[in-house]
1. Which number in (1) on the phi < 0 side of the Ramachandran plot; (2) touching a strand residue (DSSP E or B) at 6+ places or on another chain (Cβ under 8 Å) marks the one condition that B:T542 misses?
2. If you take the residues of the stretch A:175-208 that are among the small types (G, A, S), closer than 16 Å to A:G226 by Cα and at pLDDT 80 or above, which of them is least open to solvent (accessible area, probe 1.4 Å)?
3. Out of all the residues in the stretch B:584-602, is one or more closer than 19 Å to B:G482 by Cβ, of a type in the set (A, V, I, L, M), away from chain A (no Cβ under 14 Å) and assigned to a strand (DSSP E or B)?
4. I'd like the full set of residues that are open to solvent by less than 20 Å² (accessible area, probe 1.4 Å), among the hydrophobic types (A, V, I, L, M, F, W, C) and in a strand (DSSP E or B), limited to the stretch B:166-221.
5. Any chance you could count how many residues in the stretch B:384-431 are in a loop (DSSP other than H, G, I, E, B), of a type in the set (S, T, N, Q) and over 22 Å from the mean Cα position of the chain (by Cα)?
6. I'd like to check which strands (runs of 3 or more DSSP E) are fully inside the stretch B:35-151 and have at least 1 residues that are within 18 Å of B:G169 (Cβ to Cβ).
7. Of all residues in the stretch B:82-120, which are within 11 Å of another protein chain (Cβ to nearest Cβ) and open to solvent by less than 20 Å² (accessible area, probe 1.4 Å)?
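The values are calculated or read from the model by the stated rules, or taken from the named source; none is laboratory data. Please read all numbers here as calculations on a predicted model, not as lab measurements. Cβ atoms come from the backbone with ideal geometry, glycine included; neighbour counts cover every protein chain shown. The protein model used for the area step is the full one, side chains on, heavy atoms only, and it has no ligands, DNA or RNA in it. Shrake-Rupley method; radii C 1.70, N 1.55, O 1.52, S 1.80 Å.
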Amino acid sequence: MEGEAPRLLDLIPKERDWVGKEVCKVKNEIEEKLELRLGLPGEDNEKEEKQSAKSAFSLSFSENVSKRAFLGSVETNEGKGTERKASGAPPEAHGTRNINSSIANNSSQTRISNAPVVGWPPIRSFRKNLASSSISKSPLETQDGGPVKVNEVDINKKGCFVKINMDGIPIGRKIDLKAYGGYDELSSAVDQLFRGLLAAQRVPLVNEKSGGEKNQEIKGLLDGSGEYTLVYEDEEGDRVLVGDVPWKMFISTAKRLRVLKTSDLSVSSINTVSRKRAATEC
Amino acid sequence: MKEEISIMPEEDENLEQAPAEYSLSPSSDQVFKKVLENVLELLTHKRDRNATSAVCRSWYDTDARTRRELFIGNCYAVSPDRVVERFKSIKSIVLKGKPRFADFNLVPYGWGANFTPWVKALGDAYQHLERISLKRMVVTDENLMSIAENFPLFKDLSLICCEGFSTLGLAAIAEKCRHLRVLDLIEDYLEDEDDEVVDWISKFPETTTTLESLVFDCVAHPFNIHSLEGLVARSPSLRRLSVNQHVTLEQLHRIMVLAPQLTDLGTGSFRSETGSMVADPNLNLVSDFASSTSLNRLSGFREIEPQYLPAIYPVCVNLTSLNFSFANLTADQLDPVICQCHNLQTFWVLDTIGDEGLQSVAEACHDLRDLRVFPLDATGDSESSVSDIGLQSIAEGCPKLQKILYFCQRMTNAAVIAMSKNCPELLVFRLCIMGLHQPDRITGEPMDGGFGAIVRNCKKLTRLSVSGLLTDKAFEYIGRYGKLIRTLSVAFAAESDLGLKYVFEGCTRLLKLEIRDCPFGDSALISGLPLFYNMRFLWMSTCNLSVRGCRELAQSKPNVVVEVIEDEDMENEDEEEMVVDRLYMYRSLVGPRTDAPPFVKIL
């Protein structure tokens, strides 16, 4: 399959918006059973891009993980989950807003990481645990109550969704802070979320050759070393650099995230936590 | 297929331009009206009725007075009050609620489609209501009790993919609807009751009943089998019976003895009480089936013990419909059955039979019209054993095929093209390649060619679902050739806005469009503006739409309701540039609904 991938790439020119994304290799503490491994580490970029077919939709950690995950895990708990990978393991692949991946690149899709996607394949719930139904002779009541329950619980479990906007990208997204275990995961998530969109914005009309050029990793969000820096707005509406406070505290105080151009940041407009603390303590 | 009448918003629009009536003398006017009424009695099809109501005021009034059957494809397109005001004497109503993607958990709980406001309005207005058919609506026990109490002539209740009720409501229907003819519960999700399950089957009156159809395989609770036997015994008109998985073969036997006149049987579990691997010779089902000379539709088989399958041999040759879609059968187990089913027109099955099993089907069932192949294991990465090979066999063996739903892991363009050429009667082509973005398994190319051939060669095609790796080219084909397509479902496909633009430009008869996980943005959405008033609905989830784009759409189309459905409550400040989780847009005569939950924002 993979040998044919280059042919496919030649056949299909890349349109502007849909750029291949790299495989997500982030492990989430909460969903540690989710291992998104579409390619081996150390493989070259191009190969990873080709294999990232699934990535477009399989990449969890953007905003919807928690809620989708929850849908998945509830189904699992209902006993419908023989086909789900592990108890509590949320569907990692689902149609997220991360669709900025070249569909054309997805030639070498194999089943390796065909992780469950919400509502896919399009089968009604009561058709879903047939593999185990011959074993159990008990009333399949969970089937009946299935979708109702799933959604009910879904409503009750709130993720911690905050809006996130990036300089230069018109449409903002939402991410669920609770889906990540720490700042590094968050940084990676932001990179994944916006990388394709950013590349598309930069080169609107030129068809570039397939390859890694277009997709530049968004690095250095936390330490000021990259082109962009991640900041958040707290309850008071102040902008604060991300990364200084303990993660748990960050989740509870961050109301909104922004990815700003590092060059636009002026020392005075952005608070660091220590400065704020000093200010309030005087 | 029941005849259906629809309420189309266009009717009201056309009314503004109705020509003036001739001035007739009063008596000729009355005669004319009487003649018209008599003529209209003969017109029952919704399109005919809609056409007559658009001619002029007088015809509109006559239609409103004489129309007996209503079809409302979207319960939010019109309000109960408006319906009741226009139509004076309705006997039958069909109502559909949630969008179809609700079946796949894409619509959060509590979204809407409540039957309550309807049952109240209908109860006040239509004493003679006899038939209610609901699909994807929320129906409560109170609603069912209202039906039982308000409509003394009530005959037919059909609930498909509904939720919100329990055996308590069913008991009310059983007990109070003395003229009940049809009670069809199909793929509904009943409320959990735990201790309070009611034995609703025992609530039917003790006298002879008028029951013709009783379908309750989705009601998973145990029930008193003797109540059912008694009911069957005193229901001489019963033609269709579908029991749930608690009914064993032994119990089925007793029921079949009581009802040899059945034409349609849902067999429940199709397993014996004993659970032994060897067929019990005392269980003489063969004679039951042999005596059921009218039986031509079979379903159920929920926990099938294949050693009992030979019991159905006597009816195979008469079968027009066979539903094995819950039966885990191998090709070898299927073969002796299917090779006798020469008259089969509808066949639903699990992919466990594999390509080999499909080959048997193709060889035996030359009259096949409707085939559905479901996956046993519905995850994306299972090893399904049906593929392009099975599809090719069917294409070659079943030239009369009209509808197909086919789940698989691997497909080729060649097989799809073969089907497009060999099955010119295709009306519905739904192919679900379960792995995301799967290309042709042999050539590695996108599936554009296959779907292109389908729309080009199948000139009667009205419904299409696509899957696999698809570029914008596939949509160019669909737009160019899919002129009769009314329902289109797209998932994980296309490369850019162009794909959707092709569809909007070309598919002029499009009525229902459902899209998920495609890279379509605001400009693609706006390109569809001219089409939206002629569509029942548009669904787009996890695409690239912004709130601003959807708002633009809402502002330019006042007769269309634009719903943005999130999972959590929408915040209000500067949301314009946020991406939209789900867009559900539909035409409506009555504007935004008042029962929208907090997570739905109507723009």
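1. The one condition B:T542 does not meet is (1).
2. The selected residue is A:A189.
3. Within the stretch B:584-602 (the criterion being closer than 19 Å to B:G482 by Cβ, of a type in the set (A, V, I, L, M), away from chain A (no Cβ under 14 Å) and assigned to a strand (DSSP E or B)), the answer is no, since none of the residues qualifies.
4. Passing the criteria: B:L183, B:L185, B:L214, B:V215.
5. 5
6. Filter on the stretch B:35-151 gives B:92-96, B:131-135.
7. B:F101, B:A102, B:D103, B:F104, B:N105, B:L106, B:V107, B:P108, B:W111 - these are the residues of the stretch B:82-120 that are within 11 Å of another protein chain (Cβ to nearest Cβ) and open to solvent by less than 20 Å² (accessible area, probe 1.4 Å).
Residue-wise test of (1) without any contact (Cβ under 8 Å) to a residue 40 or more places away in the chain; (2) open to solvent by 10 Å² or more (accessible area, probe 1.4 Å); (3) within 22 Å of B:Q340 (Cβ to Cβ).
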position: B:E229; (1), (2), (3): yes, yes, no
position: B:P260; (1), (2), (3): yes, yes, yes
position: B:D264; (1), (2), (3): no, yes, yes
position: B:S299; (1), (2), (3): no, yes, yes
